[in-house]
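Notes follow once the structure below has been shown.
Please treat every number below as a calculation from the coordinates, not as lab data. As the structure is a prediction and not an experimental result, all values here were calculated from the model. Every residue, glycine as well, gets a Cβ built from its backbone with ideal geometry; the counts of neighbours run over all protein chains shown.
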Amino acid sequence: MALAYINLSSKQYFNFMCKNDFERRIYHDTYKEFQKKSKIYSLNNSLNTFADMVQANERANSLHQKLNYSIMNTVEALDNQMPILNDEDGNSILFDFAELNIYASDLLNKAGHVVSLTYTSPKLVLHEIVDDTLILSYDAGNNNETFMVKMNNDIVVKYEQKSELVYS
């Protein structure tokens with residue numbers, strides 16, 4: 001029996017201290033795209049940081065989505081497996097989508113470039129909560145194979161739907 005239907009989200013940050021090829025690819029590809037796509041918001045090179053561009057023109061917020069397009073193939077290569085969230089058996093939790101967010105960027109300082117990817121799982125069935133561990137299953141048909149995820153500060157639970165008991 002399901003207690004609720006939820007989604008799990010987890011955020012991965014990318015900066016100049018990349019640890020693996022995937023992180024390097026995201027970091028370098030998004031910075032290169034930022035250099036190209038931000039030109040129209042830099043007011044003839046008078047604005048260099050993402051924050052200044054957004055302050056001068058709210059439309060600069062569209063850079064989040066434009067940079068997201070530049071890494072779609074890299075994210076697709078993950079085969080919908082979150083690289084930063086595993087169950088208690090070490091299996092990657094699946095994600096439905098990943099959303100890029102620019103925290104900071106500077107046309108004059110690549111080291112100032114910081115972006116994140118927020119991965120969001122498909123709908124999950126929450127069966128039970130034991131201490132800080134969620135007992136879950138994917139809501140795909142009748143396959144109720146459960147797995148356990150230990151909660152931590154990096155996981156966000158989006159409450160979707162509570163199951164109701166019906167008495168007759």
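What area, in nm² and to one decimal, does the C-alpha convex hull of segment 60-156 cast on average over all directions?
So the Cα hull casts an average projection of 7.9 nm².
Per-residue ellipticity at 222 nm, computed for the chain from helices alone with -39500 (n - 2.57) per DSSP H run of at least four residues, works out to -6500 deg cm²/dmol.
For the chain, the longest principal axis of the C-alpha atoms and the axis of helix 21-37 are separated by about 50°.
With each label modelled as a point 7 angstrom along the Cα→C-beta vector, the residue 16-residue 44 pair spans 3.0 nm. With the convex hull of the Cα atoms taken as the outline of the chain, the averaged projected area works out to 12.4 nm².
A straight line joining the Cα centroids of segment 115-156 and segment 31-102 runs 25 Å. Per-peptide packing, taken as the mean over residues of other Cβ atoms within 10 Å, places 11-20, 96-105 in the sequence 96-105, 11-20 from highest down.
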